[in-house]
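Enquirer: Before we start, here is the structure in question, set down as structure tokens.
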């Protein structure tokens, strides 16, 4: 499935990114642990829209990447979001069984969580894939 391959490639890239290693120390999770160390990155929801035609079976995938911080204000979470965008926009990700045509940020939202202590950036990426 192209969504799973995309997720694997994105996580590998984020964990290997030098700027993000400095900012989150490799804490990139599919599902965060019950009491995570902040700051960290996690994967949010995704959506697959098939793009089918004669002899073509591509997909448009929207996948959210979330940055989390407990530092005062938004500066830290915005730095992490900037680094995520820099790492993934137009990234040459390799997917098993699929070719990544394009990946780019489609939206970023920064918000304060209801606990009053956690800042959160939700970065949505749109990826276009096709079979090899």
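The values are calculated or read from the model by the stated rules, or taken from the named source; none is laboratory data. Just so we're clear, the structure is a prediction, and the values are computed from it rather than from any experiment. Here the Cβ is made from the backbone with ideal geometry for all residues, glycine too, and neighbour counts use every protein chain on show.
Enquirer: Among the residues of segment 50-60, is any in a strand (DSSP E or B) and buried (at least 17 other Cβ atoms within 10 Å of the Cβ)?
Expert: Yes, that holds for at least one residue.
Enquirer: Follow-up. Looking at segment 7-19 only, could you name the residues that are closer than 15 Å to residue 93 by Cβ and either without any contact (Cβ under 8 Å) to a residue 60 or more places away in the chain or assigned to a helix (DSSP H, G or I) (or both)?
Expert: Once the filter is applied, which keeps residues that are closer than 15 Å to residue 93 by Cβ and either without any contact (Cβ under 8 Å) to a residue 60 or more places away in the chain or assigned to a helix (DSSP H, G or I) (or both), segment 7-19 yields 7, 8, 9, 10, 11, 12, 13, 14, 15, 16.
Enquirer: So, in segment 108-130, how many residues would count as being over 30 Å from residue 94 (Cβ atoms) and either in a strand (DSSP E or B) or free of Cβ contacts under 8 Å to residues at least 24 places away in the same chain (or both)?
Expert: The total comes to 8.
Enquirer: Return the total of residues in segment 63-101 being touching a strand residue (DSSP E or B) at 6+ places or on another chain (Cβ under 8 Å) and either assigned to a loop (DSSP other than H, G, I, E, B) or at pLDDT 95 or above (or both).
Expert: Adding up the residues that qualify gives 26.
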